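Reviewing the structure listed below.
The values are calculated or read from the model by the stated rules, or taken from the named source; none is laboratory data. These numbers were taken from a predicted model, which means no experiment stands behind them. Here the Cβ positions follow ideal geometry from the backbone for every residue, glycine too, while neighbour counts run over all protein chains shown. All accessible areas refer to the heavy atoms of the entire protein, side chains included, with ligands and DNA or RNA removed. Shrake-Rupley method; radii C 1.70, N 1.55, O 1.52, S 1.80 Å.
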Amino acid sequence: MHQLTLAEIARGLADKKFSSEELTKVLLARITQLDPQLNSFISLTEDLALQQAKAADARRANGENGALLGAPIAHKDLFCTQGIRTSCGSKMLDNFKAPYDATVVAKLAAAGAVTLGKTNMDEFAMGSANESSYYGPVKNPWNLEHVPGGSSGGSAAAVAARLLPAATGTDTGGSIRQPAALTNLTGLKPTYGCVSRWGMIAYASSLDQGGPLARTAEDCAILLQGMAGFDPQDSTSIDEPVPDYSASLNGSLQGLRIGVPKEYFGAGLDPRIAELIHNSVKELEKLGAVVKEISLPNMQHAIPAYYVIAPAEASSNLSRFDGVRFGYRCEDPKNLIDLYKRSRGEGFGPEVQRRIMVGAYALSAGYYDAYYLKAQKIRRLIKNDFMAAFNEVDIILGPTTPNPAWKLGAKNSDPVAAYLEDVYTITANLAGLPGLSMPAGFVDGLPVGVQLLAPYFQEGRLLNVAHQYQLNTDWHTRTPTGF
């Protein structure tokens, strides 16, 4: 049962081959047995899962038949879940139980999805390796000595190890797509505003976006269908009708114009990954796509711009964690200033502290124009590059990451080296565009992803291309040894 995709589970439940309760018990047992190797879960919610599974079976017995009804999933541990610890991978929120459900959690629960637990993540979603979590690093099921990517590494590792068929993640600078690439999954970052951010603990509010992680594009379409939609509680949510993402999966790729940016293939890209990307281009050409070289001239400025904007927003968002209202509080503070200083100094880990300090510096009176304002201008230039490119092509294709997964601890002493792993993903967040990573092969036994980018609200097009590619390749079907 653990090898079934979301789509296969939906068909199996509809055909009464098994019940949601049976499936849930199998997967909970599998998580208990195998997750100690991976550390992909922070909290397991067995009682809630069995209660939801029984309710889903009762709904099916009454004639309901939704694609997510009775399907087991997990949530990245920054989506608030009522009465359940929502830690954000941080000591700061280790004792925090959310008083309400995030919109994404509520929507998926209403669709009948079964929540198995909350997955591990980089602290406050700050990281590219899932090593900054207060609960310890997550390990890559393809090689337990390597990172799974971050910050949604727990969700990615759990799905890749077949502990469950799909999970939610969030993407601020590649945090869905990058771990998807490093663990052989399909991961989708929707258009900014497509999925509600209400109840999703913020890192960088103008960049964060929730999305699905699964093994196939078909499964991502099913999960995104349950997540997407306008939310009046979220001022950044866009009031657009939600299309039927599954309906577009089988469209022909004949005449599809694919742009390959020349800037993607410079120094820094592993040549073995470059070869796999070119192979995926050839595969899509066989399906009728037309490929041309394009240019994104301001891509070189993306990392410095991102690492000014994101920490600036983080320093503002994380100011609420002060030891007063909720979260970690230091013992025996001498006065209010001591309470603030020690609660934040003891509650936040080094990576979060680093980004708060960078952000506070960039926003300070003497440096605002020199750093933050300039970064926002670069952001606009990057968006303009994409708009010009999409006048010529329908989608943009390239590598998701410059390297395969690195060894645990290999980049801990050099944060900038880890930041550079986001070079291909952060531009989509700066521009607010949808992006998808899908499996494209292996280097030294470790998975490699190919990234697709599309114009705003063209998630269906991305899913269509990925699905057609997956009908003609088998990379996404490979399973890590031992799982």
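Observations on the structure shown:
- Amide H within-cut-off set for H146, under 5 Å, with H built and near neighbours excluded: N140, L408
- What the chain shows is 36 Å² of accessible area per residue, with the surface traced by a 1.4 Å probe over protein heavy atoms.
- Positive-end residue of S132, A106, P297, charge dipole of the chain with Cβ unit charges: S132
- Distance-filtered residues of segment 297-333 - backbone nitrogen under 14 Å, label point 7 angstrom along E346 Cα→Cβ: 322-324, 327-333
- Prolate/oblate/rounded call for segment 372-464, Cα gyration tensor, a/c under 1.5 rounded: oblate
- For segment 259-267, the Karplus equation 6.51 cos²θ - 1.76 cosθ + 1.60, evaluated at θ = phi - 60°, returns couplings of x, 10, x, 5, 5, 6, 10, x, 4 Hz by residue, with Gly and Pro reported as x.
- Accessible surface of the chain, 1.4 Å probe, proportion on carbon and sulfur as whole %: 53
- Debye log10 I(q)/I(0) for segment 302-374, one point scatterer per Cα, at q = 0.20 Å⁻¹: -0.81
- Relative contact order [Cα under 8 Å, 6+ residues apart], the chain, whole percent: 18
- For S43, the residues whose modelled amide H falls within less than 5 Å of its own, excluding neighbours fewer than 5 places apart on the same chain, are K118.
- Where the alpha-carbon atoms of segment 302-446 are placed on the principal axes, they occupy 62, 42, 25 Å, in descending order.
- Distance in nm between pseudo-label sites at D444 and A360 (7 Å out along the Cβ direction from Cα): 3.9
- Cα centroids of segment 416-440 and segment 1-64: 32 Å apart.
- Nonlocal amide H pairs with S196, under 5 Å, H built at 1.01 Å: G229
- Ignoring the sites themselves, the chain has its longest run without trypsin sites (Lys or Arg not before Pro) in a DSSP loop having at most 10 other Cβ atoms within 10 Å at 17-324.
- Annotation: L284 carries an accessible surface of approximately 0 Å², with a 1.4 Å probe and no ligand, DNA or RNA atoms counted.
- The spacing between segment 311-328 and segment 113-131, judged by their C-alpha centroids, is 19 Å.
- Helical segments meeting 24 Å axial Cα length and Kyte-Doolittle -1.0 threshold in the chain (DSSP H): 20-38
- P(r) tail fraction, the chain - alpha-carbon pairs more than 38 Å apart, %: 18
- Helical mean residue ellipticity (222 nm; -39500 (n - 2.57) per DSSP H run of 4+; nearest 500) of the chain: -11000 deg cm²/dmol
- Phi-based couplings in Hz for segment 194-207 (Karplus 6.51, -1.76, 1.60; Gly and Pro marked x): 6, 10, 4, 9, 5, x, 9, 4, 7, 9, 10, 4, 8, 10
- Solvent-accessible surface (1.4 angstrom probe) belonging to D385, in square angstrom, nearest 10: 20
- Phi-based couplings in Hz for segment 176-193 (Karplus 6.51, -1.76, 1.60; Gly and Pro marked x): 9, 5, 5, x, 4, 5, 7, 10, 6, 10, 9, x, 10, 9, x, 3, 4, x
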